[in-house]
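Everything below concerns the one structure shown next.
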Amino acid sequence: MDCYLVLLETSGNQNFIFDTNKRRENVGASHLIASLVAWTEESLKGLVRGWTRRSRVPAHSAELVTATSGDVKVLLTDGERARELVTRVTRKALEVASGLDVCGVVIPFQWDDEDPDPVMAAITTAYATLPEVRTRRAGPQSRFPRLPIVDQCTSSGLPAAYLYDETSGRRSPRRADAANARLVPRSHPSAAKLEAAHDGYDRLARVTVGWIDPNGCRRPAPWEKAAAVADEDTGSEPRIDIDEDEARKGIEAVADYLERHAEWVAVVHADVNGLGAVLRNLTTRQTVEGCRGYVDLLAVYSERIDRAAHEAFRAALDELRCYPGIKKVRRPGASGSFFPVLPLILGGDDLTVVCDGPAALPFTAAFLQAFENRTAALLHPKEKQLTAAAGVAVVKQHYPFSSAYQLADDLTDEAKRVKVKAVGASALSFHVLYDSAATGLDNLRARTTLPGGDRLVAQPYVVTGNDNAGWADGRRWSDLLARVTALRGTVDPTDGDSDRGRALPRSQTHTLRAGLFLGRDTADGRFQLLRNRYGRSGLSALAANSERWSLFWEEGGVHITGLLDAMDAEEFIGDRDETAASR
């Protein structure tokens, strides 16, 4: 039987989301990317009579195989309809999200009831062909010519197409003048994002579980309304009903806080290691009968991985309850509050969130741990354990978010080195950007590499897989936490220059930090001077070798220390309240 695989995919997602620091536009852009699934379903209903999400090939002429944010696979038995599906979806994207790049390919193959190879080969060909097709098309930037000369969009810098009324939140045909100061020039993409923001907030309200009550206990997410209520006979705890409109407004309050009030803002990007290879090799570990068997298996695994990502996100937000120092955002007049975490991409093998700086590292570590646990529980026992890598870029509130995301993406690539160094482990890398003189990760890492090759950072840090020895020693998440704890350890002050209650005065911390950049011998010398004076305060946790009282360990002929990482992380990893964790 003739069959056709349609692969529809968005590209340049991060640039589309982060080309502005306006959180409302970020949320709207995120929603437009997620809308690819809705556009595909709408087009299928118009093309194929009687189509539903339950339709299956070959009994039906069309089947939606996988649907994640920015990636959709469809099977059809008619080539003309397959090509028309690509036309309709891409036209819809042009109409409502003109700055978003949506591309599709159609790959023919022969459906086989006994051999799964044809559909597997079609998927491989589709992913190989899509970049070639995309490069033959003009990109989204070509849709916005600079001639004739027009006003510039106040948000994106693209040519303005509308006057946007910031009071009503709608496009306006009127000209801007002094009497209408709220009218601002906006481009097509900017206006589309703003108009999609309301639906975007609704979507985020359905997926986030950052809602907590005034006592710090987690409330169920909006979709948990149908959960069992308290039963006096069984003594089960009541589930608190949440008003979705209130939840949406709470998410809006989080976005407003991150845009206007947060001192430090973090971009967190996480990616699953080797997911494509796992999905391609499903048949090597499980018995699959024909194309039907492989398509069903692919659909199940894709759905379960997507589900695991959502559950891990919820678990990571739950973990933030254990950090009382993380500020919670409360909408005026509301009874509850939200953690300052805004998920912009969540689904499949991808996570991108914007959050308050102090929440970033605890959230990211908890997400990586939870994702491994969730996928291990959901996937087949014979499947390879899924791990992930994450990058965390902590920047000032007004720092360009496009640059912040690029840094987070580079940090993610750095964290992926763990796949080779510590097999079966998830890891994260982070950077706190105090200035913008050098923003590329290579330049930033070069700043912390001494002339002799010694390195002042030990990243990436292994979050899971604690059975790994060797390379991971000194680079575990627990090692970083131990160093941070040692830096902020408290005792009764016994010296005039001690900070009140702080075991190691900040003045000594700054001296030690400066010593790191003067070389290993100088740094170790300054550290040893602290031994007699502050050694009782638990500072041995800072030493890579407590017998020699050295901050460095040797690896491949160079020396490495994790102290600078701990100093940077100290302000962004709060003290964990174990009693909150047990609730």
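A protection proxy built from the mean count of other Cβ atoms within 10 Å ranks the segments 26-32, 192-198, most packed first, as 26-32, 192-198.
One quarter of the convex hull surface built on the alpha carbon atoms of region 362-448 amounts to 6.7 nm², the projected area averaged over directions.
Shown in residue order for region 361-374 are the 3J(HN,Hα) couplings computed by the Karplus curve 6.51 cos²θ - 1.76 cosθ + 1.60 at θ = phi - 60°: 5, x, 4, 5, 4, 5, 5, 4, 5, 5, 5, 4, 5, 5 Hz (x for Gly and Pro).
Remark on residue 552: its backbone amide H falls under 5 Å from those of 544, 545, a criterion applied only to residues 5 or more positions apart or on other chains, H modelled at 1.01 Å from N. Working note: Debye formula, equal point scatterers on the alpha-carbon atoms of region 2-141, no solvent; log10 I(q)/I(0) at q = 0.13, 0.18, 0.20 Å⁻¹ is -0.56, -1.00, -1.18. Think of each Lys and Arg Cβ as +1 and each Asp and Glu Cβ as -1; about the Cα centre, that makes the dipole of region 11-73 roughly 220 debye. The stretch between residue 473 and residue 558 holds 29.1 nm of extra length on full extension. This uses 0.36 nm per residue minus the Cα-Cα distance. Here the relative contact order of region 21-113, from alpha carbon pairs under 8 Å that lie six or more residues apart, stands at 24 percent. Pairs from the table (22/45; 22/416; 73/419; 249/416; 327/421) lying more than 32 angstrom apart at Cα are 22/45; 249/416; 327/421.
Among the trypsin sites (Lys or Arg not before Pro) in region 100-162, those located in a DSSP loop and surrounded by at most 11 other Cβ atoms within 10 Å of their own Cβ are 136, 137, 146.
With the cut-off at under 18 Å, measuring from each backbone N in region 106-127 to a point 7 Å along the Cα-to-Cβ line of residue 289 picks out 111-119. For residue 38 and residue 137 in one chain, what is 0.36 nm times their gap in residues minus the Cα-Cα distance, to one decimal in nm? Residue separation times 0.36 nm, minus the Cα-Cα distance, leaves 33.3 nm.
The stretch between residue 95 and residue 576, if pulled fully straight at 0.36 nm per residue, gains 168.3 nm over its current Cα-Cα span. Once backbone amide H atoms are built at 1.01 Å from N, residue 151 has 160 as its partners under 5 Å, excluding neighbours fewer than 5 places away on the same chain.
About its Cα centre, the dipole of region 67-140 is roughly 640 debye, where the only charges are +1 on Lys and Arg Cβ and -1 on Asp and Glu Cβ. Is any residue of region 393-421 close enough, with backbone N under 16 Å, to a label point placed 7 angstrom from the Cα of residue 385 along the Cα-Cβ axis, and if so, which? The answer is 418-421. Each peptide in 505-514, 451-460 receives the mean, over its residues, of other Cβ atoms within 10 Å, and ordering these scores from highest gives 451-460, 505-514. In a DSSP loop and with at most 12 other Cβ atoms within 10 Å, the trypsin sites (Lys or Arg not before Pro) in region 5-79 are 49, 53, 54.
Read-outs: derived from the displayed coordinates by stated rules, not from any lab. Predicted model, so just to flag it, every value in this text is computed and none were measured. Using ideal geometry, Cβ is built from the backbone for each residue, glycine included, and neighbour counts are taken over all protein chains shown.
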